[in-house]
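**Student:** Handing you a structure now.
The values are calculated or read from the model by the stated rules, or taken from the named source; none is laboratory data. The structure displayed is predicted, hence computed values, not measured ones. Using ideal geometry, Cβ is built from the backbone for each residue, glycine included, and neighbour counts are taken over all protein chains shown.
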Amino acid sequence: MLAGGMVLVSFMLLYQDRMFALLNVFALHAVVALRLGGLAGSHSECTASLCSAMIALVLKGIIIPVARTAS
């Protein structure tokens, strides 16, 4: 179900015309990637997938939208 959510959010990224809406979907993509990475990391006991998902969440989900709204 999460993989289908990633595909759906990826198509939503292609559909967006406005920059602010694109950043919101970009942040949503980071949240879905975090959940998918967390699920994969918990089942395989691999911390690398969880760490990469956390980095994606921090960069894509927090820093980029905050920097856009600050400027």
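**Student:** Is it true that some residue in segment 33-40 is of a type in the set (D, E, K, R), closer than 21 Å to Leu2 by Cβ, modelled with pLDDT of 85 or more and part of a helix (DSSP H, G or I)?
**Tutor:** Scanning segment 33-40, I find at least one residue that is of a type in the set (D, E, K, R), closer than 21 Å to Leu2 by Cβ, modelled with pLDDT of 85 or more and part of a helix (DSSP H, G or I), so the answer is yes.
**Student:** Of everything in segment 41-71 that's assigned to a helix (DSSP H, G or I) and of a type in the set (Ser, Thr, Tyr), which residue is surrounded by the most Cβ atoms within 10 Å (Cβ to Cβ)?
**Tutor:** The residue in question is Ser49.
**Student:** One residue is enough: does segment 13-20 have a residue meeting the conditions of a type in the set (Phe, Trp, Tyr), outside any loop (DSSP other than H, G, I, E, B) and modelled with pLDDT of 85 or more?
**Tutor:** Looking for residues that are of a type in the set (Phe, Trp, Tyr), outside any loop (DSSP other than H, G, I, E, B) and modelled with pLDDT of 85 or more, one finds at least one in segment 13-20, hence yes.
**Student:** If we scan segment 29-40, do we find a residue that is surrounded by fewer than 13 Cβ atoms within 10 Å (Cβ to Cβ) and of a type outside the set (Phe, Trp, Tyr)?
**Tutor:** No, because not a single residue in segment 29-40 is surrounded by fewer than 13 Cβ atoms within 10 Å (Cβ to Cβ) and of a type outside the set (Phe, Trp, Tyr).
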